[in-house]
Amino acid sequence: MTVKLGFNVDHIATIREARKICEPDPIAAAVLAELAGAAGITMHLREDKQHIQDRDVQLLRRTVTTKMNLEISAAQEMVQVAINNQPDTVTLVPETHTELSTEDGLNVAAKANDLIKPVMTLKNNDISVGVFIDAETEQVKAAKKIGADFVEFNTGKYATSCTLGSAEEVEREISALEDMTVLARKYGLKVKAGRGLNYRNVAAIAAIEGIDEIIVGHSIVSKAVMVGIDRAVRDMVDLIKG
């Protein structure tokens, strides 16, 4: 199985919103990323519109030629935005107003009854639906229960262990991701992974059998400041394929 790169354009919009002007443009970044080998474009439309705006979603839907993945909360108004724009996939994520970026996985096991309706609503509108979760058995089982089509495993703990933890901690996180990928595939769920991945730590995650797609944003945008989107995306694609 060839692992694909999904490029998250959120932090292009973060830079733009710092000055409240029209550049840099996440739509232009998405086009350049696709040309450089990204197999999908991800954006998170937060309820507080911290970075990506409604207009970005509309323009990206008209522009993206690979696959468009929209991250949203399960709030009714956000589900309606998704229906109006018809992304290829929607990933339901948790949101808090104090976070700079999504930190933890969605607790699907605790919120299953609240999530079934938005999941079914999206699927009934021909949108594939997934959930961003921690690599835990109960969360994978709950994702299957609510009718999700895929899961995206939160690799934040793995990324932190690579920087601050021991070799044993890194191996423990990789082992958990491997085990939960096997379980998710057993349940017929496709598997993505993302959060905190960069050019130094992505290879081990890309090597896990059964992962379909890796979502990377901040690290690519950071490198692109120095070398441009094209080079930054191509280098990440090479690492994932390698």
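Considering MET43, MET78, the condition of being among the hydrophobic types (A, V, I, L, M, F, W, C), at pLDDT 95 or above and either over 18 Å from the mean Cα position of the chain (by Cα) or closer than 26 Å to ILE211 by Cα (or both) is satisfied by MET43 alone.
Can you find a residue in the range 177-189 that is modelled with pLDDT of 95 or more, assigned to a loop (DSSP other than H, G, I, E, B) and within 25 Å of ALA167 (Cα to Cα)? Within the range 177-189 (the criterion being modelled with pLDDT of 95 or more, assigned to a loop (DSSP other than H, G, I, E, B) and within 25 Å of ALA167 (Cα to Cα)), the answer is no, since none of the residues qualifies.
The set of residues in the range 152-171 being within 21 Å of GLY217 (Cα to Cα), crowded, with 17+ Cβ neighbours inside 10 Å and not basic (Lys, Arg) consists of GLU152, PHE153, ASN154, THR155, GLY156, TYR158, ALA159, SER161, CYS162. Within the range 179-220, the only residue that satisfies the criterion of being among the hydroxyl-bearing types (Ser, Thr, Tyr), out of contact with any Ser or Thr (no Cβ under 9 Å at 6 or more places or on another chain) and more than 20 Å from VAL140 (Cβ to Cβ) is SER219. Among residues belonging to the range 172-203 that are without any contact (Cβ under 8 Å) to a residue 40 or more places away in the chain and within 27 Å of VAL221 (Cα to Cα), point out the one that is surrounded by the most Cβ atoms within 10 Å (Cβ to Cβ). Filtering first and then ranking leaves VAL202.
Scan the range 135-152 and give yes if some residue there is assigned to a strand (DSSP E or B), touching a residue at least 12 places away in the same chain (Cβ under 8 Å), within 30 Å of ASN84 (Cα to Cα) and among the charged types (D, E, K, R), otherwise no. Yes, some residue in the range 135-152 is assigned to a strand (DSSP E or B), touching a residue at least 12 places away in the same chain (Cβ under 8 Å), within 30 Å of ASN84 (Cα to Cα) and among the charged types (D, E, K, R).
Please work out if ALA143 is surrounded by fewer than 21 Cβ atoms within 10 Å (Cβ to Cβ), small (Gly, Ala, Ser) and under 23 Å from SER175 (Cβ atoms).
Values: surrounded by fewer than 21 Cβ atoms within 10 Å (Cβ to Cβ): no; small (Gly, Ala, Ser): yes; under 23 Å from SER175 (Cβ atoms): yes.
Here the answer is no, as ALA143 does not meet what is asked.
For the range 91-121, a residue qualifies if it is within 17 Å of LYS157 (Cα to Cα), of a type in the set (A, V, I, L, M, F, W, C) and either surrounded by 13 or more Cβ atoms within 10 Å (Cβ to Cβ) or modelled with pLDDT of 95 or more (or both), and the qualifying residues are VAL93, LEU106. The residue pairs whose first member lies in the range 228-242 and is over 11 Å from ALA206 (Cα atoms), whose second member is surrounded by 16 or more Cβ atoms within 10 Å (Cβ to Cβ) and of a type in the set (Lys, Arg), and whose beta carbons are closer than 8 Å, counting only pairs six or more residues apart or on different chains, are ARG231/LYS223; ALA232/LYS223; ASP235/LYS223. Condition first: in contact (Cβ under 8 Å) with a residue 40 or more places away in the chain, under 27 Å from ILE52 (Cα atoms) and over 16 Å from the mean Cα position of the chain (by Cα). Can you find one or more residues in the range 86-107 that meet it? Checking the range 86-107: at least one residue is in contact (Cβ under 8 Å) with a residue 40 or more places away in the chain, under 27 Å from ILE52 (Cα atoms) and over 16 Å from the mean Cα position of the chain (by Cα).
Assessment of the range 33-43 against the conditions (more than 22 Å from LYS192 (Cα to Cα) and surrounded by fewer than 20 Cβ atoms within 10 Å (Cβ to Cβ)) yields no matching residue. Within the range 129-137, identify whether any single residue is more than 18 Å from the chain's Cα centre (by Cα), over 19 Å from GLY217 (Cα atoms) and at pLDDT 95 or above, and answer yes or no. Yes.
The values are calculated or read from the model by the stated rules, or taken from the named source; none is laboratory data. Nothing here was measured: the structure is a model prediction, and the numbers come from that model. Heads up, the Cβs are rebuilt from the backbone with ideal geometry, glycines too, and the neighbour counts pull from every protein chain shown.
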